[in-house]
1. Given the stretch 71-172, what strands (runs of 3 or more DSSP E) lie entirely inside it while holding 3 or more residues that are buried (at least 17 other Cβ atoms within 10 Å of the Cβ) and of a type outside the set (A, V, I, L, M)?
2. Examine the stretch 27-34 for a residue that is assigned to a strand (DSSP E or B), within 18 Å of the chain's Cα centre (by Cα) and among the aliphatic types (A, V, I, L, M), and state whether such a residue exists.
Amino acid sequence: MRTPRPFERMVDFVTMMRVEPAKFTVVIPTYNRADLVLRAVRSVLNQAGPQPEIVVVDDGSTDRTAAAVAALEDPRVLYRSQTRAGGTAARNTGAAASGGSFIAFLDDDDELLPGWSSTLASLAARDQSCAIVSCAGLYVDLATDRSRIVAPRDKWNGDGSQAALFDSGAFAVRADVFSAVGGYVPGLPSGPHHELAMRLLPMCERDGLAVLSTAEPLVRINQRRDEDRERSLPRNLYHGALYKLENHRAWLERHPVAWASVLKVAGENATRLGLHGAALRHFAAAVRADPRRLGGYKRLLSAGMHAVVDPLRRQSWN
């Protein structure tokens with residue numbers, strides 16, 4: 001038998017160690033936004049490099065969404081429809097239909113920027129233990145046309161080991177890890193990506209899975225000021241924050257910055273709802289969690305004044 005030459009042995013070793021490149025699926029939930037969802041879909045189709053699969057989940061639209069997506073006639077685009085069940089249920093439906101090893105979730109009014117696919121695929125290939133890849137987001141206020149870049153950040157350990165941005169299109173998660181944590185919470189009215197992160201990151205920490213990010217902004221997140229949108233309503237923002245406080249309390253309390261951030265959202269929206277006693281409690285807890293954040297004291301003082309003055313005002317009216 002002929003002994004393999006050193007070069008041949010090296011080629012065999014490289015072949016054995018070759019890792020199948022990550023395939024990405026981009027799930028786009030939509031409801032009655034035929035024109036906007038096409039823009040989101042095209043931003044994925046226009047990606048150079050690895051071509052992601054796209055799953056558009058129509059959450060009970062009554063407009064021409066189905067016909068608009070069908071007119072694309074692109075085999076990379078899968079269309080799924082469901083009875084109206086909300087964005088979180090639609091994302092789970094899309095994830096169940098996906099064939100990718102990594103899944104990203106893009107809102108129907110946002111857009112991927114050039115380089116998203118190739119950059120995130122390169123990150124995923126860097127470490128076999130990688131479970132989450134993330135990029136920065138370009139946030140655009142459509143009312144003023146002002147923009148800002150938000151980079152991935154580590155609100156959890158503080159050492160940068162879990163720096164990620166959990167927002168529309170800014171992260172992708174390995175499909176088996178997404179399934180293992182149970183996907184999105186159906187019916188959660190606000191903050192579903194951040195709630196998902198509160199289950200994903202502890203799993204990554206426990207199982208030694210890597211979170212890799214780039215500071216390059218690769219998704220445009222369009223911010224609208226239409227208060228009729230369900231997720232923007234104070235009652236939904238408040239209940240979303242309460243869900244996190246009630247279901248992730250032990251984890252959050254070990255990560256003070258994140259803990260204070262959720263308490264701040266709860267306090268602000270309790271104030272908008274006129275629940276000044278609850279707002280006072282949330283702001284006080286936020287100050288205790290992160291006493292270095294000066295803005296917390298201003299919010300606490302304001303909430304305390306409302307909690308005292310508003311009942312007196314009501315008594316004087318009576």
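Just so it is clear, none of the values below were taken in a lab; they were calculated from the coordinates. Keep in mind it's a predicted model, so treat the numbers as computed, not measured. Reconstructed Cβ throughout: ideal geometry from the backbone, glycine too, with neighbour counts over all protein chains shown.
1. Values: elements: 77-82, 102-105, 130-141, 146-150.
Result: 130-141.
2. Residues of the stretch 27-34 that are assigned to a strand (DSSP E or B), as a first pass: 27-30.
Filter once more, so that each one left must be within 18 Å of the chain's Cα centre (by Cα): 27-30.
Within this subset, residues satisfying the condition of being among the aliphatic types (A, V, I, L, M) are 27-28.
The answer is yes; a qualifying residue exists.
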